[in-house]
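Here is the structure we will look at.
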Amino acid sequence: MSDLELVEPSGEIAINNIPKAHKHLNPCVRALGPGPEGATCKNCAKLIRVLYRDKVYVKCQMRAVTHGPGTDHRVNWPACKKWEAADI
Ligand code: SF4
């Protein structure tokens, strides 16, 4: 499998245009597949901000949410298949 292929749950191979440098960063893209072309987590309704000990941490509702850095999410990650436009 090349760096630009992802396997869908159906077993089909989906080609995406995620830059190689970002491809492996969003665990939801790995697990669920890529989202709309050019979309990022920044404008997704599933992105949440959690206040903990006077600091704000960005998390994704599609992942486990803990108080640890392992579930911190990046707003500029390429969107996954569950991307949903946020109300602005
Ligand atoms: S696109 Fe939305 S659901 Fe997917 S990883 Fe980003 S914030 Fe989470």
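Amide hydrogen proximity for T40: with H placed 1.01 Å from N in the peptide plane, the residues at 5 or more positions away or on another chain lying under 5 Å are A79. Around the amide H of E84, modelled in the peptide plane, lie the amide H atoms of A45, K46, all under 5 Å away and 5 or more residues distant in sequence or on another chain. Ordering 65-76, 41-52, 25-36 by mean Cβ neighbour count within 10 Å, with the highest value first, yields 25-36, 41-52, 65-76. Go through segment 58-75 residue by residue and turn each phi into a ³J(HN,Hα) via Karplus (6.51, -1.76, 1.60, θ = phi - 60°); whole Hz please, and just put x for glycine and proline. So the J values, rounded to whole Hz, are 8, 9, 10, 5, 7, 10, 4, 10, 10, 8, x, x, x, 10, 5, 10, 9, 5.
None of the figures in this text is laboratory data; all of them are computed from the coordinates on show. Only a predicted model underlies this, so the values are computations on that prediction, with no experimental measurement involved. Cβ: placed from backbone, ideal geometry, glycine included. Neighbour counts: every protein chain shown.
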